[in-house]
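As structure tokens, the structure follows; a few thoughts come after it.
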Amino acid sequence: MRLTRRGVIVLAFAAGFYALGELAGYTFFRAFAGIAAGAVLIALVTTRFRPKVEIGRTVQPDRVERGKPALASLVVRNTDSRRHGGFAAADGIGGETHSLRVRPLAPGAEATYHYELPTTKRGKLRVGPLVVHRPDLFDLARGDQTVGSSAWLWVHPRRHAVRAAQAGHPRHHHEGPITDPPLRGSADLRAVREYVVGDEVRHLHWKATARTGRLMVREYADPAQPRFTAVLDTRPASMSPAVFEEAVEVAASLFYASASAGQHCRFITAAGADTLTDSGVRAARTLLDELALVTQDAADDAPLLPSALAAAERPGGVLVLITGPDADLGHAARWRPDTVVRLGDLRPSAGSRGLIVAVDAAGAAAQWNTLVGKA
């Protein structure tokens, strides 16, 4: 409950007219001051009575590509035993608000309102809570009340149709390098060996035990799986903000295709972020959530590959570097990337197998599909 600008002015005039009436001895001015002060007092009392409502909120879908439609739905229910006469409200959308007018509701009645959410920028958008405005008739005072909870809308980068990279080892039954970390759920028979203390009894191989006369057990392991790693340049000096958005779209497209194709993924940024995921739709969503929040938060003089990883071994599977047209790869070049994607350059790609030069994400995706098709 607070005075509006108009209410403050009226109250100031009331004080001025009262002082003038006392000094000049005019009853009219004192009466006018009393009327003005009374109007402000009535406005404050009126705004104390606020509608009793409950708010139900849904955001559909809760994750959406940039530029795709998303809808917020509000269910307003009157929980009071009396009918309310309607009110104005504002729903928060990030740093903006959406105004709506709630119609009068009988006791226990409810009304549903829908409106479209802005999805022009990627990020995590907070929707709500609802702020109920309770002004008086002359807008001298206002009583705002926050009702209901908030919901979140994830605006992911746009994705372009790309093919999954062809690398790593397909799942098959033979002896091979073991995955790190091992997969969950199933395993391949690697060998049959003699039992040692601590082995799982359920892995006993009874036929081999009967044939050799010694307890024999099955040894299981998972062969190496396809992997995909992308390093995103988040140094402001490497790319302009507009080009960086294109780079984020390239990363989102490649990660979504790779995770959906069953590849384990790893996302590295120049600022030091290092995210490891499994494969599948859930892993793709985790990576897209990360990309929805990524910014150019690295120092201009920072290396493309974080210092903590400079001495580390090259990740297995496909490795892609996504950077600007003239950025220095630094220690990242020692990892022998399969492909370097340079964005923001008007020059066409030289056609090198390990290099993609494009103006935007769409051009990079087209060249990527050509390179993967030739693999």
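The values are calculated or read from the model by the stated rules, or taken from the named source; none is laboratory data. Not measured: the values here are computed from a predicted model. Note: ideal-geometry Cβ built from the backbone for every residue, glycine included; neighbour counts use all protein chains shown. Remember, those area values only see protein heavy atoms, side chains included, never the ligands or the DNA or RNA. Shrake-Rupley method; radii C 1.70, N 1.55, O 1.52, S 1.80 Å.
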- Message: Let me cross-check Y256: its accessible surface, 1.4 Å probe, with only protein heavy atoms counted, in Å² to the nearest 10?
- Response: 90 Å²
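For every other residue with a beta carbon closer than 14 angstrom to the beta carbon of A242, add +1 if it is Lys or Arg and -1 if Asp or Glu, then tell me the sum.
-1
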- Separation in nanometres of the label points that stand 7 Å from Cα toward Cβ, at D345 and T27: 9.2 nm
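Go through 106-114, 34-42 and give me the packing order, highest mean Cβ count within 10 Å leading. Show your work: numbers first, answer last.
Working: 106-114: 12.6, 34-42: 15.8.
Descending packing order for the listed peptides: 34-42, 106-114.
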- Query: Any idea how far apart S73 and Q60 come out in nm if each label point goes 7 Å out from Cα toward Cβ?
  - Reply: 0.4 nm
- For the residue pair L215 and K124, what label-to-label distance in nm results when each label sits 7 Å from Cα along the Cα-to-beta-carbon direction? 5.0 nm
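Using only the heavy atoms of the protein chains and a 1.4 Å probe, how would F29, F13 rank by accessible area, largest first?
Numbers: F29 50, F13 125 Å².
Ranking F29, F13 by accessible area, largest first, yields F13, F29.
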- Counting only Cα, what are the radius of gyration and maximum Cα-Cα distance Dmax of segment 186-310, in Å? 22.4, 71
- Task: Report the one residue of A261, L291, V357 whose Cα lies farthest in the direction of the positive end of the charge dipole of segment 243-365 (charges on C-beta: Lys and Arg +1, Asp and Glu -1; origin at the Cα centre).
- Result: A261
- Apply 1/(1 + (r/R0)^6) to the Cβ-Cβ distance of D328 and A19, taking R0 = 56 Å, and write down the FRET efficiency to the nearest 0.05. 0.15
- So which aspartates and glutamates can K68 reach, going by Cα to Cα under 12 Å and dropping same-chain residues fewer than 8 places off? E116
- Note on the structure: Long-range share for segment 16-111, i.e. C-alpha pairs more than 15 Å apart as a percent of all pairs, stands at 74 percent
- So how much accessible area does I55 have, in Å² to the nearest 10, using a 1.4 Å probe? 30 Å²
- Message: Which residues does the label zone of A106 cover in segment 49-74, counting backbone N under 13 Å from a point 7 Å along Cα→Cβ?
- Response: none
